[in-house]
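Enquirer: The structure under discussion is supplied below as C-alpha cells; questions concerning it will follow.
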Amino acid sequence: MNFRLKARDLPGRVAAGAYILHAGLEKWRADEARAKGLHKAASGAFPVLERIPPERFVRLLAASEIAIGSALLAPVVPSLVAGAALTGFSGSLLSMYLRTPALHKPGSVWPTQAGTAVSKDVWLLGLGLVAGSLGDQG
C-alpha cells in the first residue's frame, strides 16, 4: 500500500479540510443558544444524543470537525485515512438530513428550502469516497 500524498488528492482535501476546520472552530465558540439548536437538530435525527448535554455535544462536534479538517489538511495523513474520516462524517450528516422530514420533500431526497444547506453536504461524501479509493493506488 502506498501512503504518499498525490497531487490529485490536494484540491478535494484542501477544499473540504478548510471548510470543515473552519466550521469546527466556529462551533467551538458556540454560545448556549447555538449549542441548544445544534443539539436539538442532531438529537431529532439520532435520539441517543438526547442524553448528552447541549454544551458538551457542541464541543464534541466541534472537536470532531477540527480533527477531521486538520487530518484532511495534513499531508502526513494518508488519503485513505482522511477519506475514511470524511466519508464517516459526511455520511452522518446525510443520515441526519434523511431522518429529518422537514429537510427534504415528502417521499423524495430533494431538499426543502430548510434542507438545502445540509443536502449540499453530499459533495463531502463524494470527496471522501474518491479520496479513500484513490489513496491506495500507485
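Enquirer: Of the residues VAL81, VAL76, which is over 20 Å from LYS120 (Cα atoms) and in a loop (DSSP other than H, G, I, E, B)? Steps first, please.
Expert: Working: VAL81 fails: in a loop (DSSP other than H, G, I, E, B).
Every option except VAL76 fails the conditions.
Enquirer: Right, next: Hey, does the range 98-114 have a residue that's surrounded by 13 or more Cβ atoms within 10 Å (Cβ to Cβ), among the basic types (Lys, Arg) and touching a Phe, Trp or Tyr at 6+ places or on another chain (Cβ under 8 Å)? Reasoning before the result, please.
Expert: Of all residues in the range 98-114, those surrounded by 13 or more Cβ atoms within 10 Å (Cβ to Cβ) come to 98-100, 103-104, 111-112.
Retained after the next criterion (residues that are among the basic types (Lys, Arg)): 99.
Keeping just the survivors that are touching a Phe, Trp or Tyr at 6+ places or on another chain (Cβ under 8 Å) gives 99.
Yes, the range 98-114 contains a residue that is surrounded by 13 or more Cβ atoms within 10 Å (Cβ to Cβ), among the basic types (Lys, Arg) and touching a Phe, Trp or Tyr at 6+ places or on another chain (Cβ under 8 Å).
Enquirer: Same structure again: What tally of residues in the range 24-52 results from selecting those that are open to solvent by less than 70 Å² (accessible area, probe 1.4 Å) and without any contact (Cβ under 8 Å) to a residue 24 or more places away in the chain? Walk me through how you get there before you give the answer.
Expert: Let us first name the residues in the range 24-52 that are open to solvent by less than 70 Å² (accessible area, probe 1.4 Å), namely 24, 27, 30, 35, 37-39, 41-46, 49, 52.
Okay, now just the ones that are also without any contact (Cβ under 8 Å) to a residue 24 or more places away in the chain, so 35, 37-39, 43, 49, 52.
Of the residues in that region, 7 qualify.
Enquirer: Please list, ordered by first then second residue, the pairs with beta carbon atoms under 6 Å, 6 or more apart or interchain, first in the range 1-14 and closer than 13 Å to LEU86 by Cα, second at pLDDT below 70.
Expert: Correct list of pairs: empty, since none qualify.
Enquirer: Out of all the residues in the range 65-73, is one or more touching a helix residue (DSSP H, G or I) at 6+ places or on another chain (Cβ under 6 Å), without any contact (Cβ under 8 Å) to a residue 24 or more places away in the chain and acidic (Asp, Glu)?
Expert: No, the range 65-73 contains no residue that is touching a helix residue (DSSP H, G or I) at 6+ places or on another chain (Cβ under 6 Å), without any contact (Cβ under 8 Å) to a residue 24 or more places away in the chain and acidic (Asp, Glu).
Enquirer: Then there's this: Those residues that are part of a helix (DSSP H, G or I), more than 14 Å from the chain's Cα centre (by Cα) and either at pLDDT below 95 or of a type in the set (A, V, I, L, M, F, W, C) (or both), I need them from the range 45-59; list them, please. First the steps, then the outcome.
Expert: Just the residues of the range 45-59 that are part of a helix (DSSP H, G or I), to begin with: 45, 47-51, 54-59.
Checking the rest, the ones that are also more than 14 Å from the chain's Cα centre (by Cα) come to 45, 47-51, 54-57, 59.
ALA45, VAL48, LEU49, PHE57, listed by residue number.
Enquirer: Taking the condition open to solvent by less than 50 Å² (accessible area, probe 1.4 Å) and closer than 26 Å to LEU129 by Cα, does LEU10 pass? Steps first, answer last, please.
Expert: Numbers: open to solvent by less than 50 Å² (accessible area, probe 1.4 Å): no; closer than 26 Å to LEU129 by Cα: yes.
When the stated conditions are applied, LEU10 does not pass them.
Enquirer: Would you check which residues across the range 67-87 are at pLDDT 95 or above and over 16 Å from VAL14 (Cβ atoms) and list them?
Expert: The answer is ALA67, and nothing else.
Enquirer: Could you list, in sequence order, all residues of the range 16-41 that are over 13 Å from the mean Cα position of the chain (by Cα) and of a type in the set (A, V, I, L, M)?
Expert: LEU25, ALA30, ALA33, ALA35, LEU38, ALA41
Enquirer: Related question: Yes or no: VAL130 of a type outside the set (D, E, K, R), outside any helix (DSSP H, G or I) and touching a helix residue (DSSP H, G or I) at 6+ places or on another chain (Cβ under 7 Å)? Spell out the reasoning first.
Expert: Working: of a type outside the set (D, E, K, R): yes; outside any helix (DSSP H, G or I): no; touching a helix residue (DSSP H, G or I) at 6+ places or on another chain (Cβ under 7 Å): yes.
Spelling it out, it is not the case that VAL130 is of a type outside the set (D, E, K, R), outside any helix (DSSP H, G or I) and touching a helix residue (DSSP H, G or I) at 6+ places or on another chain (Cβ under 7 Å).
The values are calculated or read from the model by the stated rules, or taken from the named source; none is laboratory data. Just so you know, these numbers come straight off a predicted model, no measurement behind them. Cβ sites come from the backbone with ideal geometry, for glycine too, and all protein chains shown count toward neighbours. Side chains are part of the model used for accessible areas, which takes the heavy atoms of the whole protein and leaves out ligands, DNA and RNA. Shrake-Rupley method; radii C 1.70, N 1.55, O 1.52, S 1.80 Å.
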